[in-house]
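Enquirer: So that we are looking at the same thing, I have put the structure below in structure tokens.
The values are calculated or read from the model by the stated rules, or taken from the named source; none is laboratory data. The structure presented is a predicted model; accordingly, all values stated were derived computationally and were not measured. All Cβ positions, even for glycine, are placed from backbone atoms using ideal geometry, and neighbour counts span all protein chains on display.
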Amino acid sequence: MISPVFAVGELDGLFRWLNELLVSIGLPQPWQDVIMYAALSATVFGLLALIALFLVWWERKIAAHIQQRFGPMRVGWHGWYQTVMDALKLLQKEDIRVATRDKVVFFWAPVICFVAAFSAYVCMPFGRGLIVADLNIGILYIMAVTTFTVISLLMAGWGSNNKYALLGGMRSAAQVISYEVPMVVSLLAVILYVGSLSMVDIVESQSGWFNWFIFRVPFGPIAFVTYTVAAIAEANRTPFDIPEAEQELVAGYNVEYSGMKFAMFFLAEFINMFTVSAIAATVFLGGWNGPWLPSWVWFMGKTLSMVFLLMLVRWTYPRLRVDQLMEFAWKFLVPVTFANLILAGILKYLGYWE
Amino acid sequence: MSEYLAVLIFIFVGAGMVLFTFFLARILRPHNPYPEKNVNYECAELPIGSSWIKFHNRYYIFALIFVIFDVEAVFLFPWAVAFGQLGLYALVEMVIFIFILLFGLLYAWKKGVLKWA
């Protein structure tokens, strides 16, 4: 049975009711699990769609205010449902298919892109007990699954049979795999202290005053900064948005996509941004730990603060050149993160901050 | 193993939701293709040749270095999880292992492979 079901007010009751219903009609155990997980995944899908809609609007407002504009103002208070309207518009757009495309690859690229971003939420701890399934390889699973985005971007670039798209896809693959290494190694420094890959264990080992890993000097802050830099690159955002550099590649891998297929890439990009922020909040900022407020408020607050940081960085700094980008990853981030990992190992062996 | 069922179901539900929205869009959207519309976008020029061509091999070299370091990360994960029980011996072994691979990175660096020329 699924023990930690969503525990937010009415939702908890709803899932308990569904569970009792399934038991009462006498379905065999595996099918009960299947239906419960399907209901949970539909809930998470709805939540992520809402979050993505909010993030697009938020990003446009932040960008506007940084550039001394207003941004969307027409539909609703400060244009709050502008992105809903945009989504409805995209739904009605004609699906233009390039004649020379690779049909299978072109069709499945947005699907894989979205599934890779979505399935990371199997073991995302939204709050105390608010996790779909506490996998014992939690963080390794998330890192592995989100990397599938690279394959979908390559597929989009190749399938479009467009030079801009192919260049965007190849650059994105080169960039994401280069920043994958420092990202994983800076998380390893924390896993060394926790002794478990489960997301719930990682959060629980940070309970108490000033016990978050970012406060555990000297390795915590270094790992946090290297992780954040690598995460910005993983999410393909400025200053590391070489794959979709508008001025040179028009839009990179998604030039030839329109309508709902384009919307799926866009949605997956914002979900990925939320994912890397949620991992940062869970691993370095204590996850759902915090006084007075409910646990999920703390989680969302920390994650949205991280998202806000990523947005500020995006609209403040100019884009790096490709060679600077790759050399920064291999000549600076990789040595620093490995040195930090060794430092964390030595400190742990000496019994520092047990 | 019941938790891993969730992974499978997330993959199917995710793909199903995407395919459902594609289906919904198919009902709502207009469909009016003609040859000029379906030409590859290349800033209003007709594209010359296919884009499925040979690519610069620097991408391949970075992919090779990535594979080495990702396999190293796979070895580091179980080490990091079990570090509490293993003690000094494991620490020294892993430091030697990391240094061997960092030496490889230094070699690639000195060879000029890491330069995006």
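Enquirer: Please verify whether the range B:7-15 includes one or more residues that are loosely packed, with under 12 Cβ neighbours inside 10 Å and either charged (D, E, K, R) or more than 7 Å from every other protein chain (Cβ to nearest Cβ) (or both).
Expert: no
Enquirer: Now, a different point. I'm trying to understand the selection: among the residues of the range B:42-90, which are surrounded by 14 or more Cβ atoms within 10 Å (Cβ to Cβ) and not in a helix (DSSP H, G or I)?
Expert: The answer is B:E42, B:P47, B:S51.
Enquirer: Among the numbered conditions (1) over 20 Å from A:I214 (Cα atoms); (2) among the hydrophobic types (A, V, I, L, M, F, W, C); (3) without any contact (Cβ under 8 Å) to a residue 40 or more places away in the chain, tell me where A:V322 comes up short.
Expert: If we test A:V322 against (1) over 20 Å from A:I214 (Cα atoms); (2) among the hydrophobic types (A, V, I, L, M, F, W, C); (3) without any contact (Cβ under 8 Å) to a residue 40 or more places away in the chain, just (3) comes out false.
Enquirer: Within the range A:179-270, considering only helices (runs of 4 or more DSSP H) that don't extend past its boundaries, which have at least 3 residues that are touching a helix residue (DSSP H, G or I) at 6+ places or on another chain (Cβ under 9 Å) and closer than 21 Å to A:W298 by Cα?
Expert: Numbers: elements: A:199-204, A:219-234, A:246-249.
Result: A:199-204, A:219-234.
Okay, residues lined up against (1) surrounded by 15 or more Cβ atoms within 10 Å (Cβ to Cβ); (2) under 22 Å from the mean Cα position of the chain (by Cα); (3) within 14 Å of another protein chain (Cβ to nearest Cβ); (4) β-branched (V, I, T):
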site	(1), (2), (3), (4)
A:L267	yes, yes, yes, no
A:T282	yes, yes, no, yes
A:L309	no, yes, no, no
A:V334	yes, yes, yes, yes
A:Y349	yes, no, yes, no
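Enquirer: If I ask for residues that are more than 21 Å from A:V336 (Cβ to Cβ) and either within 24 Å of the chain's Cα centre (by Cα) or not small (G, A, S) (or both), which ones from the range B:75-117 would you list? Explain how you work it out, then say what you get.
Expert: Step one: of the range B:75-117, the residues more than 21 Å from A:V336 (Cβ to Cβ) are B:78, B:81-82, B:84-90, B:92-93, B:111-112, B:117.
Within the range B:75-117, B:P78, B:V81, B:Q85, B:L86, B:L88, B:Y89, B:V92, B:E93, B:K111, B:G112, B:A117 meet the criteria.
Enquirer: Among the residues of the range B:37-65, write down those that are of a type in the set (D, E) and within 10 Å of chain A (Cβ to nearest Cβ). Don't jump to the end; show me each part of the working.
Expert: Going residue by residue through the range B:37-65, those that are of a type in the set (D, E) are B:42, B:45.
Answer for the range B:37-65, where residues must be of a type in the set (D, E) and within 10 Å of chain A (Cβ to nearest Cβ): just B:E42.
Enquirer: Related question: Given the criterion away from chain B (no Cβ under 14 Å) and polar (S, T, N, Q), identify the matching residue among A:Q92, A:Q68.
Expert: Step by step, each of A:Q92, A:Q68 is checked, and only A:Q68 is away from chain B (no Cβ under 14 Å) and polar (S, T, N, Q).
Enquirer: Tell me yes or no: at least one residue of the range B:22-34 is in contact with a helix residue (DSSP H, G or I) (Cβ under 8 Å, 6 or more places away or on another chain), closer than 20 Å to A:N254 by Cα, within 7 Å of chain A (Cβ to nearest Cβ) and in a helix (DSSP H, G or I).
Expert: First, the residues of the range B:22-34 that are in contact with a helix residue (DSSP H, G or I) (Cβ under 8 Å, 6 or more places away or on another chain): B:22, B:24-25, B:28-29.
Checking the rest, the ones that are also closer than 20 Å to A:N254 by Cα come to B:22, B:25, B:29.
Among the residues that remain, those that are also within 7 Å of chain A (Cβ to nearest Cβ) are: B:22, B:25, B:29.
Imposing the further condition that a residue be in a helix (DSSP H, G or I) reduces the set to B:22, B:25.
Yes, some residue in the range B:22-34 is in contact with a helix residue (DSSP H, G or I) (Cβ under 8 Å, 6 or more places away or on another chain), closer than 20 Å to A:N254 by Cα, within 7 Å of chain A (Cβ to nearest Cβ) and in a helix (DSSP H, G or I).
Enquirer: Working only within the range A:129-169, note down all residues that are in a loop (DSSP other than H, G, I, E, B) and free of Cβ contacts under 8 Å to residues at least 40 places away in the same chain.
Expert: The one that is in a loop (DSSP other than H, G, I, E, B) and free of Cβ contacts under 8 Å to residues at least 40 places away in the same chain: A:T147.
Enquirer: Could you list, in sequence order, the residues of the range A:82-101 that are in a helix (DSSP H, G or I) and either in contact (Cβ under 8 Å) with a residue 60 or more places away in the chain or surrounded by fewer than 17 Cβ atoms within 10 Å (Cβ to Cβ) (or both)?
Expert: Matches in the range A:82-101: A:V84, A:M85, A:A87, A:L88, A:K89, A:L90, A:L91.
Enquirer: Among the residues of the range A:149-186, write down those that are surrounded by fewer than 23 Cβ atoms within 10 Å (Cβ to Cβ), under 25 Å from A:T228 (Cβ atoms) and either at the interface with chain B (Cβ under 9 Å from one of its Cβ atoms) or not β-branched (V, I, T) (or both).
Expert: Once the filter is applied, which keeps residues that are surrounded by fewer than 23 Cβ atoms within 10 Å (Cβ to Cβ), under 25 Å from A:T228 (Cβ atoms) and either at the interface with chain B (Cβ under 9 Å from one of its Cβ atoms) or not β-branched (V, I, T) (or both), the range A:149-186 yields A:A173, A:I177, A:E180.
Enquirer: Next question, about the same structure. With respect to A:I139, determine if the residue is in contact with a Leu (Cβ under 6 Å, 6 or more places away or on another chain), more than 8 Å from chain B (Cβ to nearest Cβ) and either surrounded by fewer than 22 Cβ atoms within 10 Å (Cβ to Cβ) or at pLDDT 90 or above (or both).
Expert: Yes, satisfied.
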